[in-house]
Every structure is written in C-alpha cells, then in structure tokens.
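Report on the following structure.
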Amino acid sequence: MKNFFFVIPVFKDIITGGTKYDFKIVSELKKKMFKVNVIPYEYKKHNKLKLLLKVFNIPDNSIICIDALLAPFMKNVIPILNKKFEIIFLIHHPTSQENANNPMILINNYFAERITYSHSHKLIVVSSYIEKQTKKFLSNRKKIFTVDPGIDNIFFKQKHKKNRNNVICIGNIIERKGYDVLIEAMSKIPGNWKLFIIGNYNVDEKYFSSLKKKICEYNLGDKIQFLGTLKQKKLISYMKKSKIFVSPTYFEGFGIALLESAIFGLKVITSDLPVLRDTLKSQNVDYISPGNVNEFAKSISINLNSKNKMKTSYSREQFTWKNSARKFLYAIKK
C-alpha cells in the first residue's frame, strides 16, 4: 500500500461537521492498523503557501486525501499534484453552494472546484445527494464513492428529563443555517420555553450581531441563549433538557447534527431539503418550506404542546464510524 496522507482543515475554537467527520475517520483507520499521516491546516488564507510546501514535500506516488474545503485555492497546482501523487478529494459539500440564497457570490469557487475535482484521481462524498451535486462539476468521468458518517454511541438510547419545554439548535452561527428564521419563528410562540443555540458565534460577527439585535427587538433575551461551542458531555446535557431540535437550514451536505438529534429521541423540525429527506428517512421529522417563518412557528408550537412520546427508528449497526471507515478504506484502495 502506498503512503497515505490526509490534509484536514482545522479551526481555532470551532467544531464543524466536516472536521469531526475527518478526525473520526482517521481514528477508526488507525484502529484498523492503517497508517495515516495527518497534515492539519489552520484555515487561514495567508497559510496557503505553507500548506502547499508541506504537500509538495510528500514522497512521490503517495495517496493524498484532501478535504475539499481546500479545493478552491488549489486550482493552480492541482495539475502538478496530479502527476506526482494520487489525489482524492473528500467532499462534504461544494464550497460554491455554501450560500444557497445567493450562489453567484461564490461563482469563482464554482469554476475552481470544476478544475480541482476534474483533476483528481477519485472523489469521496458524504451522501448520495452530494454525489449528484458533484457530478455537475465534472468535465470527465470520475470514480465517486459515498461514505456516509457514523453516529457516536452516546446518542443512542438516552434518558430524557420529564416535562421538557425547550428547543435546541446545533450549528455554527452562519447565515445558511437560518437562525434569523428561527428567532422570528420563536417570537410568535407564547409560553415558558427556552431556545438553546449551540455553535461558534465568531465565524460571522456581522450576522451574529444582527441576530442579537433581532432578539432585543422581540424582547427574547431571557428565553434565547447562545452557548458557543460545547464539549460533547455538556452538549448532551442540553439535549436531555430539550424536546425539539429545530434547523431552518438552507443547505447541508449530510446533516449529521440532525440525525444525531433524531436518534437521541428529539423531535426534529427542519427545512424540506432533498439531502435531509435522505439523511432523516424513517425518523420523526416535520419538514418545512425553507425560510417559511409561519410554518416553522406552527410546527414548533404544536410539538412543544404535544404529550406524545417521541419515537425513533434506526438500525444501530447502520450508523457506526467503524462502517464509515471500512467504506472509506475500500474507496482509497479501489
């Protein structure tokens, strides 16, 4: 087997679904005694040259898996890398689709991703939906392997607190997550509820500031809490206090936090997106038209007042990181 290197973007004080996936795969591959050389990259543009120097110093003919968040700025070197190494891009979602409301903002990323994806040897994606999206970028036929995420054991069969009347949302505070829609929806709901928002709020300070302003306008300061990034044990404690998980997201590559919450036993209310229909099939979910404040408010209100016990549907063996690593290993060896 050739030397295997994994280039992973990391963020100071920020946890993303993508980086969690990357490091979980690395951990499971190591359990299989498969040697993985991790090259972490602090996600700042001025470090790009430093990263490229590290990559070019990798022994020739090695296999290099690159988290495709880094794909746009590799467009000028990918033809060279392609000749020296076997290049695999791991695509959580194309970065050019990050702003679903205004995709033209990231049009340069689209053309860059067309170049980088097409020059790779093969591609790994995290869902069948992202596989379909990725094919739109390719100018040639390419091997694409789908490796869906696993779910940590801690999310299975949890005991919840009685008489919960709280709502939770998990995800970094960025515009595509639709937090403005969620806050407006909660402003229409009477009663003694609380909304816990878990995720880093320093990613987009302008957007975060607009959300705080909206909370003040609706006089919801004592009901809505931004908790920042939490360790898993603390995250679980807030999930136990909650009844509903709400995500008015405009775009996802998989939606791992939504699946974790559904398996955990929370009622899930989220945007009606094809990828989430696929991820959350057979789960206890209300699907709402993206951006529709009134529909979200109605569903949240009904479910907060419901006395019905939440039911989950899953095959525990289906959602293991061990299985994900097995599929990943098959993809890089094939």
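The values are calculated or read from the model by the stated rules, or taken from the named source; none is laboratory data. The shown structure was predicted, so the numbers you read here are calculated from the model rather than taken from an experiment. Cβ coordinates were reconstructed from backbone atoms using ideal geometry, including for glycine residues, and neighbour counts include every protein chain displayed. Side chains included, ligands, DNA and RNA excluded: accessible areas come from the protein's heavy atoms. Shrake-Rupley method; radii C 1.70, N 1.55, O 1.52, S 1.80 Å.
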Give Phe264, Phe251, Phe245 a once-over and let me know the one that is among the aromatic types (Phe, Trp, Tyr) and open to solvent by 10 Å² or more (accessible area, probe 1.4 Å). Phe251
Tell me yes or no: at least one residue of region 142-150 is in a helix (DSSP H, G or I), at pLDDT 95 or above and at negative phi. no
Members of region 37-59 that are touching a residue at least 40 places away in the same chain (Cβ under 8 Å) and surrounded by 13 or more Cβ atoms within 10 Å (Cβ to Cβ): Leu51, Val55, Ile58
Of residues in region 104-124 being open to solvent by 70 Å² or more (accessible area, probe 1.4 Å) and more than 17 Å from Met74 (Cβ to Cβ), the one modelled with the lowest pLDDT: Met104
Among residues of region 272-290 being within 15 Å of Lys177 (Cβ to Cβ) and in contact with a Gly (Cβ under 7 Å, 6 or more places away or on another chain), the residue surrounded by the fewest Cβ atoms within 10 Å (Cβ to Cβ) is Val275
Out of curiosity, is Phe34 of a type in the set (Phe, Trp, Tyr) and either touching a strand residue (DSSP E or B) at 6+ places or on another chain (Cβ under 7 Å) or loosely packed, with under 13 Cβ neighbours inside 10 Å (or both)? no
Name, by its number, the condition in (1) over 19 Å from the mean Cα position of the chain (by Cα); (2) open to solvent by less than 50 Å² (accessible area, probe 1.4 Å) that does not hold for Thr19. (1)
On the given criteria, is Asn82 within 21 Å of Glu113 (Cβ to Cβ), of a type in the set (S, T, N, Q), part of a helix (DSSP H, G or I) and open to solvent by 40 Å² or more (accessible area, probe 1.4 Å)? yes
Checking Glu42, Glu28 in turn, the sole residue that is within 23 Å of the chain's Cα centre (by Cα) and modelled with pLDDT under 85 turns out to be Glu42
Does region 115-125 contain any residue that is within 20 Å of Thr16 (Cβ to Cβ), of a type in the set (Val, Ile, Thr) and touching a Ser or Thr at 6+ places or on another chain (Cβ under 9 Å)? yes
Would you mention how many residues in region 128-153 are touching a residue at least 24 places away in the same chain (Cβ under 8 Å) and under 17 Å from Ser96 (Cβ atoms)? 7
Inspect all residues belonging to region 294-303 and state whether any of them is touching a residue at least 24 places away in the same chain (Cβ under 8 Å) and surrounded by fewer than 19 Cβ atoms within 10 Å (Cβ to Cβ). yes
Find the residue count for region 199-230, including only residues that are more than 21 Å from Ser242 (Cβ to Cβ), over 22 Å from the mean Cα position of the chain (by Cα) and of a type in the set (Lys, Arg). 3
What's the number of the only condition in (1) part of a strand (DSSP E or B); (2) more than 21 Å from the chain's Cα centre (by Cα) that Lys50 fails to meet? (1)
